[in-house]
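Asker: Could you have a look at this structure, given as structure tokens, before my questions?
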């Protein structure tokens, strides 16, 4: 009887161990799944950037409308002011892009390095380290481009705010003329911002393609 109880106990223990092993295997994330996940994260961040550029266009268009307006400038000024509020919201989301990528990059490499620590074959280990260095460089560059795009908003937004503040107290064609140098700088800052957004989008597309299982290296 004792022998039978021991046998049943052993069976139960084996079953429990099998279940644990199965769950662990199911929960483990494969390398290509991790790559796909971070590529998906970048795709979402790229979507934020892609939505940002049309807003910059809208902001610049509202500035142009305001500077060309004649007579009662209040309707054009209101559209300019409302557009600036919307642009600031988009800017806040854009500024988070670089930080989000850096956070996901850290998670990605922590898991990858933990997994690759068990590699014993020298050739495969060297190839893994080379691939890690390549991907790390691309992700770091992309994170920096995201930060650059976010930072490029500062002079653009600041000038637009200054224009709004000044014209709210001198909403006349003469007032517009007095701040023409600032208006021109805002346009140049807008062009620089658009370039930074474009640079991020191109770099992101390249990195995503290199990370997805069907991508090219």
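Asker: Quick one: what pairs do we get from segment 119-140, first residue more than 30 Å from residue 200 (Cβ to Cβ), second outside any helix (DSSP H, G or I), C-beta under 6 Å, 6+ apart or different chains?
Answerer: These pairs meet every condition: 125/119.
Asker: Restricting segment 77-94 to residues that are crowded, with 17+ Cβ neighbours inside 10 Å and over 18 Å from residue 67 (Cα atoms), which is modelled with the lowest pLDDT?
Answerer: Filtering segment 77-94 for residues that are crowded, with 17+ Cβ neighbours inside 10 Å and over 18 Å from residue 67 (Cα atoms), the one modelled with the lowest pLDDT comes out as 94.
Asker: Taking into account only those residues within segment 112-124 that are within 31 Å of the chain's Cα centre (by Cα) and loosely packed, with under 14 Cβ neighbours inside 10 Å, which is nearest to residue 208 (Cα to Cα)?
Answerer: So in segment 112-124, the residues within 31 Å of the chain's Cα centre (by Cα) come out as 112-117.
Restricting the remaining residues to those that are loosely packed, with under 14 Cβ neighbours inside 10 Å gives 113-114, 117.
Details: 113: 20, 114: 23, 117: 25 Å.
Filtering first and then ranking leaves 113.
Asker: I'd like the residue in segment 59-103 that is part of a loop (DSSP other than H, G, I, E, B) and farther than 16 Å from residue 165 by Cβ and, out of all such residues, is farthest from the chain's Cα centre (by Cα).
Answerer: Checked segment 59-103; the qualifying residue farthest from the chain's Cα centre (by Cα) is 71.
Asker: Could you please find all residues in segment 30-67 being modelled with pLDDT of 80 or more and either closer than 13 Å to residue 100 by Cα or surrounded by fewer than 21 Cβ atoms within 10 Å (Cβ to Cβ) (or both)?
Answerer: Those that are modelled with pLDDT of 80 or more and either closer than 13 Å to residue 100 by Cα or surrounded by fewer than 21 Cβ atoms within 10 Å (Cβ to Cβ) (or both): 51, 53, 54, 55, 57, 58, 61, 64, 65, 67.
The values are calculated or read from the model by the stated rules, or taken from the named source; none is laboratory data. Everything quoted here is computed from the prediction, not taken from an experiment. We place every Cβ from the backbone using ideal geometry, glycine too, and count neighbours over all the protein chains shown.
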